[in-house]
Amino acid sequence: MRISSGVPGFDELVDGGILKDRLYVISGPPGSGKTTFCSQFVTKGAIDGETTLFLTLHESQTELVNDMANYEFGFDKAVSSGHVKVLNVFDTEAQRLFSSSSRGSGEFPSNVENLSNQLVAFVESRDVDRLVIDSTMLLEYYFSDDLNALIKFLTKLKRADATVVLISEMTDPSSYSDGHYLAHGVVFMHNYLESGGMTRGVQIIKMRGTRIDCDIRQAEFTNRGLRVDPNTNIQT
Ligand SMILES: Nc1ncnc2c1ncn2[C@@H]1O[C@H](COP(=O)(O)OP(=O)(O)O)[C@@H](O)[C@H]1O
Ligand SMILES: [Mg+2]
């Protein structure tokens, strides 16, 4: 089953939508629109009756709502409806919620095994349909000492009964990581400084089960959020 990304123009690049309950990685440099893309993705989920956990280490729920308040796609409504829960991993609330849905120690996970178990337990006990992790810096925080741990974590999430989007703060599109190989789909967000200002683009690197091309399509921020023009290629 395919679900809408909530980003106008994007679904046309992937046969009408992304396959549900799979693992996706969205990569790109700072300011390229990754967090905005995911905020639209989870808002669309809320509109379609789906429940989201947006796990972040970059901001609080209030800060993210404020950041998205410039746009009219309705992120604030998605949050206030209760369909979207933003959790900062360092908040005490995150520790409380995670430990309550697993038989853990009552503390926030101290290693990868605990983190993936608690996250999957949370997703299952709360019937979470869409899971966003912003960003891989979170995983590096836990897994800096153990590369296999990242593979185990992602493998576990791949099997979870939710559509997972992992944001990756990568700046060099040619340096692929384990996450890119493991994921069902990989999307790159680009931004180029040109004389006239910032040019933005979206590129589908891979999408299993879906016919794609790897051209970079033009993207822009409007007052309704990120928008992709599926018919305009960017030449680099
Ligand atoms: N109307 C707008 N409201 C908020 N941010 C906007 C707007 N138009 C453009 N932007 C820019 O969008 C960028 C935010 O993108 P974001 O999704 O946070 O990127 P990333 O998560 O990839 O770092 C910021 O650089 C911001 O200046
Ligand atoms: Mg971001």
**OP:** Apply 1/(1 + (r/R0)^6) to the Cβ-Cβ distance of ASP161 and ARG211, taking R0 = 41 Å, and write down the FRET efficiency to the nearest 0.05.
**Re:** 0.95
Subject >> Order of exposure, largest accessible area first, which applies to ARG159, ARG22 with probe 1.4 Å >> reply: ARG159, ARG22
Original post:
What is the percent of Cα-Cα separations in segment 36-83 that go past 15 Å?
Top reply: 34
Original post:
Using a 1.4 Å probe, how large is the accessible area of ASP76, given in Å² and rounded to the nearest 10?
Top reply: 80
Original post:
With every protein chain left in place, what is the accessible area per residue of the chain in square angstrom, probe 1.4 Å?
Top reply: 46
Original post:
What does the accessible area of PHE90 come to, in Å² to the nearest 10, when a probe of 1.4 Å is used?
Top reply: 110
Original post:
When the chain is modelled as a GNM with alpha-carbon springs shorter than 10 Å, which of ALA160, ALA219, ALA69 fluctuates the most?
Top reply: ALA69
**OP:** Heads up, I need the accessible area for VAL86: 1.4 angstrom probe, whole protein in place, Å², nearest 10.
**Re:** 0
Original post:
How big is the shadow of the Cα convex hull of segment 1-109, averaged over all directions, in nm²?
Top reply: 7.9
Subject >> With at most 13 neighbouring Cβ atoms within 10 Å, loop GluC sites (Glu not before Pro) (DSSP) excluded, longest segment of the chain >> reply: 108-236
Subject >> Check: the chain dipole with +1 on Lys, Arg Cβ and -1 on Asp, Glu Cβ, in debye >> reply: 580
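As a test of the formula, what do you get for the chain when each DSSP H run with n ≥ 4 contributes -39,500 (n - 2.57) and the sum is divided by the residue count, at 222 nm and rounded to the nearest 500 deg cm²/dmol? If you can, show how the numbers build up before the last one.
Numbers: 8 runs with 77 residues, N = 236.
Here the helix-only value at 222 nm equals -9500 deg cm²/dmol.
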Subject >> Heavy-atom accessible area order for ILE18, ILE151, largest first, 1.4 Å probe >> reply: ILE151, ILE18
Subject >> Isotropically averaged projected area of the chain, using the convex hull of Cα atoms (one quarter of hull area), nm² >> reply: 12.3
**OP:** Would you list, by chain and number, the lysines whose Cα falls below 24 Å from the Cα of LYS206, excluding same-chain residues fewer than 8 positions away?
**Re:** LYS20, LYS34, LYS44, LYS152, LYS156, LYS158
Subject >> segment 2-233 - percent relative contact order, Cα under 8 Å, separation 6 or more >> reply: 28
**OP:** Using a 1.4 Å probe and counting only protein heavy atoms, arrange TYR71, TYR176, TYR181 so the residue with the most accessible area comes first.
**Re:** TYR181, TYR176, TYR71
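The values are calculated or read from the model by the stated rules, or taken from the named source; none is laboratory data. Computed from a prediction, not measured in an experiment: that's the story for all the values here. In this analysis, Cβ positions are derived from the backbone assuming ideal geometry, glycine residues included, and neighbour counts consider all displayed protein chains. These accessible areas exclude ligands, DNA and RNA; they are computed on the full protein's heavy atoms, side chains included. Shrake-Rupley method; radii C 1.70, N 1.55, O 1.52, S 1.80 Å.
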